[in-house]
Each structure stands twice: as structure tokens, then as C-alpha cells.
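This report refers to the structure that appears directly beneath it.
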Amino acid sequence: MPGFFSYLPNVYVGEGVADDEATKYRLVKNIFRRTKTRDDLSKYSSLFEAYSITAGQTPSTLALEVYKDSHLDWVILLVNNITDVYEDWPRNEEDLIAYVNEKYSGPDDVHHYETQEILLDDIVYMPGGIVVNRTWRTVMPDGVIKSETDSVYPVSNYEYESFENEKKRQILLPVSQMVDLIIEEFEQLIAYAPHLELDDQGNKKTPISIASRFLGDVGYITSESLVSTSTTTTTTSFDYGPSSSLAGTAGTTTATSTITPASGGTTAATTTSTPTPSPSPTPSPSPSPSPSPSPSPSPSPSPSPSPSPSPSPSPGYGGGY
């Protein structure tokens, strides 16, 4: 029977290209497609069997032993939600010791404390194995406080890791009649839904955006195959005023922007400034002052101050900038 990766759909992946090269695509397996089994499988006892992994067994050897096909190892891993066989599959004793020595500076140091089981009239009054701190003391109904040794016990680093490793040995195996149904449903769930980016063979291809050439992002992918652009032009006139060393010079700035949508991710802008000569301002002659008659000594009411007119806005940045 085919292996796990043969069921995964294909996808075209864009490769990084230089500016003078044509766009390249490589057809690969889409390893990001995955499924997850239901969390309540354990209650269907007639469809799955409880199994304890023995020392030295691997997923492939177990599949060969149970299903007579080592390529069905992925079915065992999928049913038990095992995604990392190095961490989720039980280690043998030699590998476990090496793992503990690498993880802890002292394998025999205390990892945590757990409660001692205490019976009262042959009934469990305090269950054992509950993680507590070292100062925990069990208090009996009559007020008697148990000692430290009767209340808690230490668990070393090696004991803790060994217990966690043993829990990984308990798995579920689907019965033989269920394997074909699992494979059939897996193929349906892992396949692509109908989409415009699928070709006749069902391979998915998302075109590479031309924005990657301008942004310098190698292999930049976008979901849009068409890039729409809009051009805006802004003109600003200004002069520096008579007090500037550039007096008598006016300029025009034209800004042109090419904008693509946010998904395109590219914006290019160019600005050009062209100075054009303008005539220097000619000072107007000021009128000669004429003598005004002296005011009469009779008092006159003070005129109400009238608001001064607002200066008219000058184009651009205005003179005297």
C-alpha cells in the first residue's frame, strides 16, 4: 500500500529568480495539509483496541506486525495524534537515560512531591499521587496531622521522566476493518476543494507576484494574479520671496505615484522639480508725505478698532519662505 506522502496533494512553489530570469515553479508535496482524529475515539471500543508498545517497537514494525504492511505506520500515528515520533513515541531504556542526563544536571534530584495514600476504615481517605509541595501535611478527621513521611514522598527527575515515558506506551489500534475506511476518509479530507488555482491534474498553483522583483523578496507569493495600478499627479508652485538668494525663481514640483493594493505590497513614487524663471518684483514708488492739519483741541470719541483684513493666502509655500 502507498506511503503517507503519496496521499498528500501537490502544489507549485515559486522559486527565487533574478530580474533577468523567467518565473520558475517547482512541483512538490503540500506537507502543510494534515488532519486530526476525533478526541472521543476511545469510547468506540468495538472499533479500536488498546495496545501497549513494547521495548524496541517502532511504528513501522508495529504496522507490519498488526496489518502486515509497514507503510500503514502513519495510520497508527494519525489515530493517536502523534506528530513527533521522536518525542511522542516511547523511548527505550538506553535513550531514556541519555535524555534525562542531558535534560537535568542531577537525575536523582527531587522533581516534585506527591501525596501518600492514606486509608480510613479501609476506605481511601487521601488518594496517592497528587502533586503537592513539600510542606503538605494530611490532616485526619479527628484533627491528627500526619508526619512528612506519611503525607508526601519525593519524585526524582528520572522517576518523573520514566513515568511520562510509560504513559506514551498506551495507544489505540484500529481494527483491520477500520483501516480502509480511515484511508478513504483521509483522502477526502486532505484533498483540495474546487478552486480556480487548480489545474487539470488537481495541482495547486498560485502565481508569483511581480512585486517580489521590486521588493527584493525572493519567492514572494500573492493570491492575486492581476495587479491594478492607479496614477495620481500633484502639482505644487512655490517661490522663495525677495529676501532669498533664489529670489525671482519659481518652481513646479510634479509627483507621480503608482499604487498597488495592500496584498500586492508595492509602492513606487517619483518626484521631479523644474525651476522656471520669473520676473523680479518691481518696487512701487511710495507717495510723498503731505502735511496734515493739526487736530482741533476739542475731544472726539475714540474710534472703535476695526479688524484688520486677513491676508490672502499665497500659492504654495508663499513668499519669504
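The values are calculated or read from the model by the stated rules, or taken from the named source; none is laboratory data. Everything numeric here is computed off the predicted structure, so don't read it as measured data. Note that we place each Cβ from the backbone using ideal geometry, even for glycine, and neighbour counts take in every protein chain shown.
Quick look at the values:
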item: Filtered residues of the range 118-140 (kept if surrounded by fewer than 12 Cβ atoms within 10 Å (Cβ to Cβ), over 45 Å from the mean Cα position of the chain (by Cα) and among the charged types (D, E, K, R)); result: Asp121, Asp122
item: Failed item, numbered, when Ser105 is tested on (1) polar (S, T, N, Q); (2) over 21 Å from Glu185 (Cα atoms); (3) under 28 Å from the mean Cα position of the chain (by Cα); result: (3)
item: In the range 64-106, the residues that are surrounded by 18 or more Cβ atoms within 10 Å (Cβ to Cβ) and either modelled with pLDDT of 95 or more or of a type in the set (D, E, K, R) (or both); result: Asp73, Trp89, Pro90, Arg91, Val100
item: Total residues in the range 172-183, condition more than 14 Å from Trp74 (Cβ to Cβ) and not in a helix (DSSP H, G or I); result: 2
